[in-house]
């Protein structure tokens, strides 16, 4: 059933584009050109912005973050929220390397650390 519906959609789309292109009095011709240009522009922008925004690697100190996450005086859990926000800004491979180093820190122990680390 999915194949049939997909084929019908494809046929309808192809036929409509052909009719619009061949009909000299069709008003959607110009609109069609503009939408394609706009789609190409948006696609290009997304590729460029994605490439520059994602692969940033931040120098995080696992020893410092282990102490922050294990701190019982952090009643609002601000350290874990801050660390999560920072990790969102870098690529996942860097996140995993940092979290691995963080979990192996000697000061990475205690209930506070474990709970906050698991939330990050």
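Worth pointing out:
- Taken together, the residues in the stretch 73-99 that are touching a helix residue (DSSP H, G or I) at 6+ places or on another chain (Cβ under 7 Å), in a loop (DSSP other than H, G, I, E, B) and farther than 16 Å from residue 110 by Cβ amount to 1.
- Criterion violated by residue 109 - all others in (1) over 22 Å from the mean Cα position of the chain (by Cα); (2) part of a helix (DSSP H, G or I) satisfied: (2)
- Subset of the stretch 46-63 (residues that are at pLDDT 80 or above and either surrounded by 10 or more Cβ atoms within 10 Å (Cβ to Cβ) or in a helix (DSSP H, G or I) (or both)): 60, 61, 62, 63
- Contact annotation: residue pairs with Cβ atoms under 8 Å, 6 or more positions apart or on different chains, pairing a residue in the stretch 13-40 that is modelled with pLDDT of 70 or more with a partner that is not in a helix (DSSP H, G or I), are 19/26; 20/26.
The values are calculated or read from the model by the stated rules, or taken from the named source; none is laboratory data. Note that the structure is predicted; figures quoted are calculated from it, not measured. Glycine also receives a Cβ, built like all others from the backbone with ideal geometry; neighbour counts cover every protein chain displayed.
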